[in-house]
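Okay, so here's the structure we're looking at.
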Amino acid sequence: MHSHNLNEIKTIFVVMILTDTHTHLYAEQFDEDIDTVIANCIDKGIERLFLPNIDSSSIDGMMGLGEKYPDNCFPMMGLHPTSVKANYKEELALVEAWLSKRQFCAIGEIGIDLYWDKTLLKEQQDAFRHQIELAKKHNLPFVIHCRDSFDEIFEILDELNDAKMRGIFHCFTGNIEQANHIINYGDFKIGIGGVVTFKNSGLDKTVAQIDISHLVLETDAPYLAPTPYRGKRNESTYLYNIAEKVADIYGLQIEDVAKITTENSKAVFGF
């Protein structure tokens, strides 16, 4: 039997760090067991958890989690498109007030959602434009929510595109042309979540055509749980299942996927 000294043993167990670039761990679905959920994440090497804001109602819970877990939970600030209502200018003023108060990792999540309601498209476009300008002003990346709205989002990004524009297209479910449009902006990553594990989503075939240097991983917990948890509460621990599927698509080890996608996330968030 070989005797290993401690240094050798340390190199055998390389610490794998996975990054969940999009998780709503402050949501009420986690009220009962959030500390266990985060402990389970850290156990699995999912140590970096990026928290997108929704609107004024989610700020307190999100900031509380960021204060409790400053080394693991990183809040963003922004107004979600489905929260763009008649009073959206008040909500945007609150976003601006917070941005002037403290540092955030990104503006998000922002964008356009035409799945639920098309009647407020003009307001959503206005809020999206405004928050992209805020991101540029504060030199921050922004995280895009795009649902049934690729054309509308590309129209605004094409118009505002410059060297300051960078971020993540969260929960990507588009085709290869749409992926290439995103990649051509230069400083955007594509967020891949639980949908890639769904049997008939076809997303795995699109992902196979994208270089892994463009990808980051996410759960969007508590929504969109990957197979085999589909339909249940999603949690950041299940990022592991998404990473396994991505490793399978590229013929890589999960450790490689963790390393590459975590580096990609650092390119966006800067830490």
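Values quoted throughout were computed directly from the atomic coordinates according to the rules given, and no laboratory measurement underlies them. As the structure is a prediction and not an experimental result, all values here were calculated from the model. As a convention, Cβ positions derive from the backbone with ideal geometry for all residues, glycine included, and neighbour counts pool all protein chains shown.
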Q: Compute the acute angle (0 to 90°) between the alpha-carbon long axis of helix 88-101 and the principal axis of greatest extent of the alpha-carbon atoms of the chain; round to the nearest 10°.
A: 50 degrees
Q. Using unit Cβ charges (K, R positive; D, E negative) and no other charged atoms, how large, in debye to the nearest 20, is the dipole of the chain about its Cα centre?
A. 300 debye
Q) Among Asp117, Asp126, what is the fewest-to-most ranking by other Cβ atoms within 10 Å? A) Asp117, Asp126
**Q.** On Cα atoms only, tilt of 239-250 relative to the major axis of the chain in degrees
**A.** 80 degrees
Q: Figure the gain on full extension for Ile176 and Lys68 (residue separation times 0.36 nm, minus the Cα-Cα span) and round it to one decimal in nm.
A: 34.9 nm
Q: Could you pull the Cα extents of the chain along its three principal axes, largest to smallest, in whole Å?
A: 71, 40, 38
Q: Starting from the Cα of Glu263, step 7 Å toward the Cβ, then list every residue of region 179-215 with an amide N under 13 Å from that point.
A: 212-215
Q. Against the longest alpha carbon principal axis of the chain, how many degrees, from 0 to 90 and to the nearest 10, is the axis of helix 34-43 turned?
A. 50 degrees
Q. Hey, what do the phi angles of region 102-112 turn into as Karplus ³J(HN,Hα) couplings, whole Hz, using 6.51/-1.76/1.60 and θ = phi - 60°, x for Gly and Pro?
A. 7, 7, 10, 7, 5, 9, x, 9, 10, x, 9
Q. Among the lysines, which fall within straight-line cross-link reach of Lys245, defined as a Cα-Cα distance under 19 Å, with same-chain neighbours fewer than 8 residues apart omitted?
A. Lys44, Lys189, Lys199, Lys205, Lys232, Lys259
Q | Simple spin-label estimate for Asn139 and Ser201 in nanometres, 7 Å along Cα-Cβ | A | 3.5 nm
Q: Along Cα→Cβ, 7 Å out, is where each label goes; now give me the distance between the ones at Ala93 and Glu28 in nm to one decimal.
A: 2.7 nm
Q.
Taking 0.36 nm per residue of sequence separation and subtracting the Cα-Cα distance, how much length would be gained by fully extending the chain between Ile17 and Thr36, in nm to one decimal?
A. 5.0 nm
Q. Farthest toward the dipole's positive end in region 15-269, which of Thr21, Met76, Ala247, given Cβ charges of +1 (Lys, Arg) and -1 (Asp, Glu) about the Cα centre?
A. Ala247
